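I have placed the structure first, in the form of structure tokens, so that the comments after it can refer back to it.
Throughout, read-outs are computed from the coordinates displayed, never taken from laboratory work. Quick caveat, the model's predicted, so the values are computed rather than measured. Every residue, glycine among them, receives a Cβ derived from its backbone with ideal geometry; neighbour counts consider all protein chains shown.
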Amino acid sequence: MNYFQLFNIAPSFDIDLSELSSSYQTLQKTVHPDNFAHTSEQQQRLAVQKSAQVNDAYQTLKNPLKRAEYMLIERGVDMPNEQQSFSDTGFLMHQLELREMLEDIQLSSNPEAALEDVQAILDNESLALSQIMQTQITENNRASNSAACDNLRKLKFYQKLNIDVERLEESLFED
Amino acid sequence: MALLQIAEPGQSTVPHEHRLAAGIDLGTTNSLIATVLSGSAKTLSDESGQDILPSIVSYQAEQTFVGITAQAYTVADPENTITSTKRLIGRSLSDIKSKYPSLPYQFCGDENHPEISTRKGNVNPVQVSAEILSHLKFRAQDALGGELTGVVITVPAHFDDAQRQSTKDAAKLAGINVLRLLNEPTAAAVAYGLDSGKEGVIAVYDLGGGTFDISILRLHKGVFEVLATGGDSSLGGDDFDVTIVNYLVEQAKLVRPLSASLERQLMQQACFAKEQLSCHDEVNINLSINTNNHWSYSLSRATLNELISPLVNRTLRACRRSLKDASVSIEEINEVVMVGGSTRVPLVRSEVEKHFNTKPLTTIDPDKVVALGAAIQADILAGNKPESDILLLDVTPLSLGLETMGGLVEKVIPRNTTIPVAKAQEFTTFKDGQTAMALHVVQGERELVDNCRSLARFELRGIPAMTAGAAHIRVTFKVDADGLLSVSAMEKSTGIESSIEVKPSFGLEDKQISQMIKDSMHNAADDIQARMLKEQQVEASRVIESVQAALIADSKLLNPEEVLLIENAIKSLVHITQTDDINAIENALKIVNDSTAIFAERRMDSSISQALAGQAVDKI
């Protein structure tokens, strides 16, 4: 049973998140260990296992990047691992620029404003990329799936940048 | 011959009995026990009508006192009177000493197993907590006239794995069956949500004696979904007191170290002043430094506010981070619920109101709301409310990860992940011919291992010698519904496995616990046997009941041979349970469990498809 079947929703990238969430809650009301706290240890273990599976499936489908990755893997697309080299040098150069921008924030006279600027750039660029990826996933042929896969890898670069932005924000505004 | 009695379809053959269950708020300063009586949650009082039990244990020569009676010894005998043990539980000795440098106790034991030396011998913080829990258990059993089948114990949402495990160990020592460890703000949300019937996004601001939690929850159709939680497991009203004490020491020109009894006196005066300043603008402080040296001082609310303002700001910072983690803006918060005694401090209320731009709610007594919520959850978990539509979806408060090369942390489960959760990650060897791998499990948000909490270390041995990077080692992290972690590692090509219940380095070992249980009983061997026998019998009756009910409801999922197999296994279990042969019962239980494993799985899968089929019908 794949995740879409588990939640009884159509296997498309463009899913109705409120429908997903309501299916999720219905499933958890059925399998959550709280329903089995008074039953045998075996039942409790099984409930923990099922409930964890439902949680994992929900997190995968809810998050666009994880959903994309899951769909591409389900389609049998060969997902290169993160260490594998990346051929789009233009993109990599741009990533370096973005990293430099991020490092410069600490030196800026108004770090808060600088941080917001960088965040806006990141948001815009990753939104554009994810829209292209969405079209490619929906197209669903060999070429488009492979292109979607490349864009997914690019989006993961942005995801990492966002984590660094968050770290920076915490270190800047602590105390 | 069939064993089953005929009953209404879907109903258990065993008549439903109300199971006695309770919720315990094991607080830093005060503890409470509550239960659901004829539909509504109530706290239980002692003979004198007091429901609040001060979390104080005093080891006196003639007996061990708990609560009000122990409180009487705090100043006179500070070394043997343990207060705020919750701040010590699940912590290392150096951690305790650096955080609370002026505690009056004589610490002993080693770094990872700190103990306090008292006239009754050395006691571990887990044992002190167990005294409080057991006191509350007996209070409930007296009030309810029977033994408790299970208890929900609340813990700060921000408690780490070691602190949770130690709390559970304390319950074990007290002879309590823990149905669930429940996060305090979640418990408060349950009590509040059911009481008000409101829906939407709420923030629970819980500032207790020793801990601070902030949780952001979405309440929708009986589902309490925790979106994010944060806080500080060592920030609370006690810290307000410490700040005041330090200020007073300075004002009175006292030079530390002071006597343990003077430290306690200062603490009491500080706490008293803080409470008085909630409704007065000024308060007089009187200290007897020695028999002919008295000192008095007038402390104003303005000074208090100045002193505690950095602490209050720390809580607001945690609020900001949790809102961000929850992806919720301040405008989206419908309500802020105040929990914990320290939210009585006017500055806390006004700052929280300013921060969330909404008047915080204090309709349910902030001292009792957690215990009431825990009681409601205990009632449901005990199986007294099969029709209940309530579901609590809680999260892990801190990220869990593994140490990788260079002292860095690889996060396996990020904070605020809904539990229960199981996540696997693959690692590989970095040297040719490497046959073992050391795994270091850590908890925390920082990138460097040294800045995180070390939870456990274990080794995976017997990896076949391969070239570097060729082995595939799959490490699985599992967090159960109590928020407790277990980790296992497996080399994929060989299936060699190693696993660990993450018994944190700072807690008690299983054998220490059973030794303590033994020590606490007079006829040790017999009593332990009796306790084990009873535990097995209880588990057996749970199994018999649930399997019989399952057969009636779902025997269609089995073929006749499978039904017969299960019926026979149950039949022999029913028979053997009446004996006092622990091993035979254990064996019979195992046979039933083995024979019903597939059945249980099929039932779960069938209930999953039925649940969503029902939903699809609803939509039409």
In whole angstrom, and with the biggest value first, how far do the Cα coordinates of region B:30-185 range along each principal axis?
-> 47, 35, 23
Mean residue ellipticity (222 nm) of chain B, computed from DSSP H runs ≥ 4 via -39,500 (n - 2.57), nearest 500 | -12500 deg cm²/dmol
Please state, rounded to one decimal and in Å, the Kirkwood hydrodynamic radius that the protein assembly as shown gives when every pair of distinct Cα atoms enters the mean of 1/r.
-> 29.0
Quick one: what do you get for chain A if you divide its Cα Rg by 2.2 N^0.38 Å?
-> 1.29
For the table A:K29/B:K368; B:K324/B:K359; B:K99/B:K253; B:K120/B:K168; A:K66/B:K492, the rows whose alpha-carbon distance is greater than 26 Å are A:K29/B:K368
Can you pull the percent of Cα pairs in region B:252-399 with separation above 19 Å?
-> 68
Over 25 Å between Cα atoms, which of B:K221/B:K411; B:K42/B:K385; B:K198/B:K423 qualify?
-> B:K221/B:K411; B:K198/B:K423
Tell me, what does the Kirkwood hydrodynamic radius of region B:190-285 come to in angstroms if you use every pair of distinct C-alpha atoms?
-> 16.1
Would you be so kind as to identify which of B:I570, B:L557, B:A584 lies farthest towards the positive end of the dipole of region B:551-620, taking Lys and Arg as +1 and Asp and Glu as -1 on Cβ and the Cα centre as origin?
-> B:L557
When the Karplus curve 6.51 cos²θ - 1.76 cosθ + 1.60 is applied with θ = phi - 60°, which whole-Hz ³J(HN,Hα) does each residue of region B:223-233 get, with x for Gly and Pro?
-> 9, 9, 9, 6, 8, 6, 9, x, x, 8, 7
Whole-percent pair-distance distribution, where bins are 10 Å wide, for the alpha carbons of region B:398-493 | 16, 47, 30, 7, 0
Apply the Kirkwood formula to region B:318-365: the hydrodynamic radius equals the inverse of the mean of 1/r over all pairs of different alpha-carbon atoms; give it in Å with one decimal.
-> 11.4
Among A:V165, B:F224, B:T81, flag the residue with its Cα farthest along the positive direction of the charge dipole of the protein assembly as shown, charges on Cβ as +1 for Lys/Arg and -1 for Asp/Glu.
-> B:T81
Each residue of B:379-391 has, on average, a number of other protein chain C-beta atoms within 10 Å of its C-beta equal to 3
Net charge dipole size for region B:159-295 [Lys, Arg +1 and Asp, Glu -1 on Cβ; Debye, nearest 20] | 340
Residue farthest toward the positive end of the dipole of chain B, with Cβ of Lys/Arg at +1 and Asp/Glu at -1: which of B:S92, B:N357, B:Q425?
-> B:N357
Do me a favour and compute the ellipsoid semi-axes for chain B from its Cα gyration tensor, root of five times each eigenvalue, largest one first, whole Å.
-> 43, 30, 28
Could you state the angle between the C-alpha long axis of helix B:346-356 and the longest principal axis of the C-alpha atoms of chain B, as a value from 0 to 90 degrees rounded to the nearest 10?
-> 50
Shape box of region A:83-175 [Cα atoms, principal axes, largest first, Å] = 51, 24, 18
Per-residue ellipticity at 222 nm for chain A, helices alone: DSSP H runs ≥ 4 residues times -39500 (n - 2.57), over residue total, nearest 500 deg cm²/dmol?
-> -25000 deg cm²/dmol
What angle, in degrees between 0 and 90 and rounded to the nearest 10, separates the Cα long axis of helix B:125-144 from the longest principal axis of the Cα atoms of chain B?
-> 70
If the cut-off is 16 Å between C-alpha atoms, which aspartates and glutamates fall inside it for B:K590, apart from same-chain ones fewer than 8 positions away?
-> A:E41, B:E535, B:E539, B:E545, B:E567, B:D581
Quick one: dipole size for the protein assembly as shown, taken about the Cα centre, charges +1 on Lys/Arg Cβ and -1 on Asp/Glu Cβ, in debye to the nearest 20.
-> 540
log10 I(q)/I(0) for region B:129-268, Debye formula on C-alpha points only (no solvent), q = 0.11, 0.12, 0.16, 0.22 Å⁻¹, two decimals, reads -0.60, -0.69, -0.99, -1.22
Provide the percentage of antiparallel DSSP beta bridges, counting only those with both residues in chain B; round to the nearest 5.
-> 80
For B:356-368, B:130-142, ranked highest to lowest by mean beta-carbon neighbours within 10 Å, the order is B:130-142, B:356-368
Any idea what angle helix B:184-196 forms with the longest principal axis of chain B, computed on alpha-carbon atoms, 0 to 90 degrees, nearest 10?
-> 80
Once you average over the residues of B:421-427, how many Cβ atoms of partner chains fall within 10 Å of each Cβ?
-> 3
Stokes-Einstein D for region B:49-140, Kirkwood Rh over Cα pairs, 20 °C, 1.002 mPa s (µm²/s) | 159
Return one quarter of the surface area of the convex hull spanned by the alpha-carbon atoms of region B:543-620, equal to its mean projected area, in nm².
-> 5.6
Dipole magnitude of region A:98-155, debye to nearest 20 (Cβ charges: Lys/Arg +1, Asp/Glu -1, about Cα centre) = 480
